Amino acid sequence: MPADPSAPAAPVEPIAALPPPLDDSVLVEVRRNLGLITLNRAGALNALSLGMVRRITQALLAWRGDAAIAAVLIRGAGRPGKAPAFCAGGDIRFFHQAALAGDPRLEDFFTEEYQLNHLVHNYPKPYLALMDGVVMGGGMGISQGGRHRVVTEHTRMAMPETHIGLFPDVGGGYFLSRCPGAVGEYLALTGQVIGAGDAIGWGLADCFVPSAELGALVEALGDQPMSNAAQVAATLAARSQPAPPPRLSIHRADIDRHFFQPDVPGIARSLAADKGDWAAATLATLRQRSPLMLAVTLEQVRRARSLGLADDLRMERDLVRHAFHLRGVTASDTVEGIRALAVDKDHQPRWGDASLEAVDPAEVAAFFESPWPATAHPLRHLA
Ligand SMILES: C/C=C/C(=O)SCCNC(=O)CCNC(=O)[C@H](O)C(C)(C)COP(=O)(O)OP(=O)(O)OC[C@H]1O[C@@H](n2cnc3c(N)ncnc32)[C@H](O)[C@@H]1OP(=O)(O)O
């Protein structure tokens with residue numbers, strides 16, 4: 001069974017002291033002054049396991065104080081003949097299995113992944129994320145805090161968690177709520193996939209490099225002596241190109257009008273009153289999502305707007321604990337959502353609430369009550 005949340009948490013273990021994983025799911029190498037991390041689990045679109053989170057964390061901590069390392073770059077290994085993937089998020093099949101088995105590594109996963117997200121955001125050296133292909137969920141968590149977020153023509157970016165009855169975690173509240181207007185609410189609730197142009201336009205990426213140029217970029221960064229951030233930026237700028245035009249930005253006024261409504265039923269009513277095709281498709285998407293987790297997600301993004309990263313991650317750590325346990329594991333919309341998408345693959349989740357209107361506001365409020373006293377919160381040490 002998972003640990004009793006009211007019990008004092010064990011002291012936080014220094015991550016650097018953890019043993020490395022036994023497999024090659026993350027490749028870590030140094031090329032002259034570049035620390036290079038390659039997610040190497042292409043068969044699962046580089047979805048993150050606990051071992052991968054630990055290995056990335058270990059490398060970043062080791063390089064943080066290493067004067068020979070001028071920059072860090074993270075990328076995803078590809079599959080021959082298939083579209084590239086950076087990272088499709090946390091390993092949701094593991095979440096499902098571990099939740100049903102009461103495996104305590106599920107709790108460790110979220111604590112350590114959120115710590116890693118915080119480390120990336122606060123990394124003192126240039127951190128480049130090559131977001132070529134799928135970059136979703138946990139993939140966003142290890143890239144959004146980076147100084148140079150590179151997108152390509154293959155980028156398929158999303159925080160798709162409401163699709164699996166979850167909410168956009170890994171700092172999603174923090175970075176989505178910083179998008180312009182109500183774009184954060186829109187992306188969080190719908191899980192809409194965006195490409196390079198919209199990602200740059202909405203502040204979720206910094207520059208565009210064609211996918212075929214990424215190999216040369218890595219070579220250039222790893223071949224030359226580098227000692228400062230300006231050299232890294234110049235090497236990247238030399239290969240950057242103008243981004244392709246955004247596709248969804250034409251809907252910005254509608255996004256703001258509908259997604260600034262006070263609650264999810266209000267957003268649905270506003271979309272229903274709009275006779276356009278985009279509004280109808282967007283409403284249809286919302287109706288497929290977990291009503292409870294839509295309500296939680298809207299509240300999360302709105303609270304996060306006035307939170308710093310550390311407080312946002314602490315809030316998300318509370319929320320993720322509740323997502324699996326507040327209703328009991330077997331009645332959790334998250335467990336059900338993962339089952340439908342990735343385990344049975346029937347794409348027919350049976351959510352706990354019959355409609356958007358049926359969600360109990362008191363239950364939503366309970367998600368925002370921490371299961372831990374502040375002195376025992378698993379992320380109490382994050383500043
Ligand atoms: C704390 C962290 C939280 C999170 O990050 S929550 C997770 C957020 N991410 C997601 O919800 C994305 C889940 N994945 C998908 O929705 C789809 O994949 C994609 C849209 C990304 C791509 O779809 P397509 O191109 O059709 O590929 P495919 O056949 O679904 O995936 C190839 C293989 O990769 C596995 N896989 C993909 N994403 C994950 C994941 N996040 N965790 C574990 N496995 C994953 C699949 O199951 C499959 O595997 P097989 O070939 O054995 O059926």
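Looking at segment 41-49, is at least one residue in contact with a helix residue (DSSP H, G or I) (Cβ under 9 Å, 6 or more places away or on another chain), hydrophobic (A, V, I, L, M, F, W, C) and at positive phi? Yes, some residue in segment 41-49 is in contact with a helix residue (DSSP H, G or I) (Cβ under 9 Å, 6 or more places away or on another chain), hydrophobic (A, V, I, L, M, F, W, C) and at positive phi.
Is it the case that segment 181-197 has a residue that's charged (D, E, K, R) and farther than 20 Å from residue 260 by Cα? No; the residues of segment 181-197 include none that is charged (D, E, K, R) and farther than 20 Å from residue 260 by Cα.
For segment 166-198, give me each residue that is more than 16 Å from the ligand (Cβ to nearest atom) and of a type in the set (A, V, I, L, M). Correct list: 182, 183, 196.
Only a single criterion out of (1) more than 20 Å from residue 39 (Cβ to Cβ); (2) more than 10 Å from the ligand (Cβ to nearest atom); (3) open to solvent by 20 Å² or more (accessible area, probe 1.4 Å) is not satisfied by residue 163, namely (2). Within the set of pairs 6 or more residues apart or between chains, which connect a residue that is closer than 16 Å to residue 127 by Cβ inside segment 224-246 to a residue that is open to solvent by less than 70 Å² (accessible area, probe 1.4 Å) and among the β-branched types (Val, Ile, Thr) with Cβ atoms less than 7 Å apart? Qualifying pairs under 7 Å: 226/232. Residues that are open to solvent by 10 Å² or more (accessible area, probe 1.4 Å) and closer than 21 Å to residue 191 by Cβ within segment 299-322 comprise 299, 302, 303, 305, 315, 322, listed in sequence order.
Name the single residue, out of those in segment 121-135 being crowded, with 24+ Cβ neighbours inside 10 Å and over 20 Å from residue 216 (Cα atoms), that is nearest to the ligand (Cβ to nearest atom). Ranking the qualifying residues of segment 121-135, first place goes to 134.
Scan segment 136-148 for residues that are outside any helix (DSSP H, G or I), more than 7 Å from the ligand (Cβ to nearest atom) and surrounded by 24 or more Cβ atoms within 10 Å (Cβ to Cβ) and the total you get is 3.
Matching residues to (1) among the hydrophobic types (A, V, I, L, M, F, W, C); (2) not assigned by TED's automatic domain parsing to the domain that holds residue 83:
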{"site": "213", "(1), (2)": "no, no"}
{"site": "219", "(1), (2)": "no, no"}
{"site": "226", "(1), (2)": "yes, no"}
{"site": "229", "(1), (2)": "yes, no"}
{"site": "233", "(1), (2)": "yes, no"}
{"site": "244", "(1), (2)": "no, yes"}
{"site": "263", "(1), (2)": "no, yes"}
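Selection of first residues in segment 43-70 that are in the same structural domain as residue 106 (by TED's automatic domain parsing) and touching a residue at least 24 places away in the same chain (Cβ under 8 Å) and of second residues that are in a helix (DSSP H, G or I) and within 11 Å of the ligand (Cβ to nearest atom), restricted to Cβ pairs under 6 Å at least 6 apart or on distinct chains, gives the following pairs, ordered by first then second residue: 48/138; 50/109; 53/112; 53/113; 53/116; 57/116. Under 9 Å by Cβ, and 6 or more places apart or on different chains, what pairs join a residue from segment 82-98 that is farther than 21 Å from residue 150 by Cα and in contact (Cβ under 8 Å) with a residue 40 or more places away in the chain with one that is within 7 Å of the ligand (Cβ to nearest atom) and part of a loop (DSSP other than H, G, I, E, B)? The qualifying pairs are 91/47; 92/47; 92/137; 92/166; 93/47; 94/47; 95/166.
The values are calculated or read from the model by the stated rules, or taken from the named source; none is laboratory data. Computed from a predicted model, the values in this text were never measured in an experiment. Heads up, the Cβs are rebuilt from the backbone with ideal geometry, glycines too, and the neighbour counts pull from every protein chain shown. Only protein heavy atoms, including side chains, enter the accessible area calculation; ligands, DNA and RNA are left aside. Shrake-Rupley method; radii C 1.70, N 1.55, O 1.52, S 1.80 Å.
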